[in-house]
Amino acid sequence: MGYFNCFALGFFVALSLASIDVGVAARHLQQLPPIPTLPTTTLPPFPSIPNLPQPSIPSFPRPGALPPLPAMPALPTLPSVPRATLPPLPSMPSIPTIPTTIPSIPFFSPPPSPSP
């Protein structure tokens, strides 16, 4: 556990020192003179997209014009399998009931007080 604390402290110190350099670099950039504007050039126009011929979609036959499907042949009937009968389940023993009433705690009579 002590090694982890030492490692975390070293990592925190390294991160802090790294952020100091970032702050110094940002201040240096803010103190630079403004950058001169560069000359702009005009870009050539984009070429136009040629109009391509549209493909023709072939006509498909209508669903009513299709030939009828062949009839399914009758499947053979399977012989009946005899049913297995299971023996009756044994009766479960009854679960004892848990009493719901709390028995009363007997109170003993206090010891006799000493007479003076």
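The values are calculated or read from the model by the stated rules, or taken from the named source; none is laboratory data. None of these values were measured; they are calculated from a predicted model. For the accessible areas, the whole protein counts, side chains as well, though only heavy atoms, and no ligand, DNA or RNA atoms are used. Shrake-Rupley method; radii C 1.70, N 1.55, O 1.52, S 1.80 Å.
Keeping every protein chain present and rolling a 1.4 Å probe, give me the accessible area per residue for the chain in Å².
On the way: 13550 Å² over 116 residues.
Normalised by residue count, the accessible surface of the chain is 117 Å².
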| In the Gaussian network model of the chain, springs joining C-alpha atoms below 10 Å, which of PRO79, PRO96, PRO68 carries the largest mean-square fluctuation? | PRO96
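How large, in percent, is the carbon and sulfur part of the accessible surface of the chain at a probe radius of 1.4 Å?
On the way: 9850 of 13550 Å².
Using a 1.4 Å probe with all protein chains present, the chain comes out at 73 percent carbon and sulfur.
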| request: Before rounding to the nearest 500, sum -39500 (n - 2.57) across all DSSP H runs of length at least 4 in the chain and divide by the residue total; then give [θ] at 222 nm in deg cm²/dmol. | output: -9000 deg cm²/dmol
| field | Chain lengthening between ILE98 and ILE49 when straightened (0.36 nm per residue, less Cα-Cα) | value | 8.8 nm
| Which entry is the computed Kirkwood radius over Cα pairs in Å for this structure: (1) 14.5; (2) 14.9; (3) 32.8? | (3)
